[in-house]
Amino acid sequence: MKKMISEFKPGMTDTINLLLMNVEERTTRNNSSYVTMTLTDGDQVIAGNMFDRKKEDFDLAGSVVTVKLEAKNYNDSCVYNIHGVSKSYEDPESYIPHAPIAADKMFQDIYSFSQRLGTYSSITMSILNKYKETLLMWTAAKKVHHNIRGGLLYHVYRMLKTATYLAGCYPIDKSLLCAGVILHDIGKVKELECDMLGATEYSVDGNLFGHLFLGAEIISEHAKKVGLPEMETRLLKHMIVSHHGQLEYGAIRTPAIPEAALLSHIDKIDAEMYQYEETRKKMEPGSTSDLIFGLNTRVYNP
């Protein structure tokens, strides 16, 4: 049976096969080199440190490796040290974290929905068509939520279900809300650089501008292409630049229309629910987690 990271408790050292996603070289306070390896068993992603080593010592990224993994307690959290690495010849596919729904199905369902958005159908379909191959693979973030292959589509797919329900509860423009949901994170196709393993880094433009600004640029480009009227273009761009809700959370502007406010809340709901779900997957019944950064709380699993 495949050994899982969740089996490692502080004080335990054992060998385990994991997918090596990335290797970064860092320096200690004493100016000695060490590497941090991003590793996954297909369910959980961890960072493990191997000291007195350099990045050039490893040419195994993208391979399944056998590691001697030590789990330690540090500031009430489980951290990992690595004491040996060798290549395994297993197929990496089963080790790649991915969305629980096939990317092709999610894309087709979202695309079919976009055909029913009235004025906003043409621009939504135009953008989905242009970035289809990217969206089938892209994660929604480097860390925190939906940081898995196909995670961006999974995030949108679930948000769209919530938006469809809430649109029936309030006197709003359902087409604008749903177009905003589908396109709210489209700037991430330029903000992030993802590979087939789900490993993610920020692009130069991602660091300089962020996905809200980049998303608004994509809206402007395709609005001209499909002839979206000026007012509808303005409203859709506002949805994009305000969906983080508050300026301190990265919003360029706070929501000025009810559709934008709903989008912001729906986005937050799905991001938080994903973190609760993923945290509880790794927990024993009756236990409480360490402090979860993205939630600012400790999660309880009944």
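Here are the numbers for the structure shown:
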{"item": "Pair list, Cβ < 6 Å and 6+ apart or interchain, from segment 271-283 residues that are touching a residue at least 60 places away in the same chain (Cβ under 8 Å) to residues that are open to solvent by less than 70 Å² (accessible area, probe 1.4 Å) and of a type in the set (Ser, Thr, Tyr)", "result": "Lys282/Ser6"}
{"item": "Count of segment 243-266 residues which are in contact (Cβ under 8 Å) with a residue 24 or more places away in the chain, open to solvent by less than 20 Å² (accessible area, probe 1.4 Å) and within 21 Å of the chain's Cα centre (by Cα)", "result": "4"}
{"item": "Unmet criterion (only one of (1) within 30 Å of Asp91 (Cα to Cα); (2) polar (S, T, N, Q); (3) surrounded by fewer than 21 Cβ atoms within 10 Å (Cβ to Cβ)) for Asn207", "result": "(1)"}
{"item": "Test: residue in segment 166-173 that is in contact (Cβ under 8 Å) with a residue 40 or more places away in the chain, more than 23 Å from Ala256 (Cα to Cα) and open to solvent by 20 Å² or more (accessible area, probe 1.4 Å)", "result": "no"}
{"item": "Residue ranges of helices (runs of 4 or more DSSP H) in segment 92-147 with at least 1 members buried (at least 18 other Cβ atoms within 10 Å of the Cβ) and in contact with a His (Cβ under 7 Å, 6 or more places away or on another chain)", "result": "121-130"}
{"item": "Pair list, Cβ under 6 Å, 6 or more apart: segment 1-23 residue in contact (Cβ under 8 Å) with a residue 40 or more places away in the chain, other residue of a type in the set (Lys, Arg)", "result": "Ser6/Lys282; Pro10/Lys72; Thr15/Lys68; Ile16/Lys3"}
{"item": "Output for segment 232-287, where each listed residue is closer than 25 Å to Ile218 by Cα, in a loop (DSSP other than H, G, I, E, B) and not β-branched (Val, Ile, Thr)", "result": "His243, His244, Gly245, Gln246, Gly250, Ala251, Arg253, Pro255, Ala256"}
{"item": "Subset of segment 16-69 that is touching a Phe, Trp or Tyr at 6+ places or on another chain (Cβ under 9 Å) and part of a loop (DSSP other than H, G, I, E, B) - its residue that is least open to solvent (accessible area, probe 1.4 Å)", "result": "Asp41"}
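The values are calculated or read from the model by the stated rules, or taken from the named source; none is laboratory data. Because the structure is predicted, anything quoted here is derived from the model rather than measured. For neighbour counting, all protein chains shown are included, and Cβ atoms are generated from backbone atoms with ideal geometry for every residue, glycine included. Quick note on the areas: whole protein, heavy atoms, side chains included, nothing else; ligands and nucleic acids left out. Shrake-Rupley method; radii C 1.70, N 1.55, O 1.52, S 1.80 Å.
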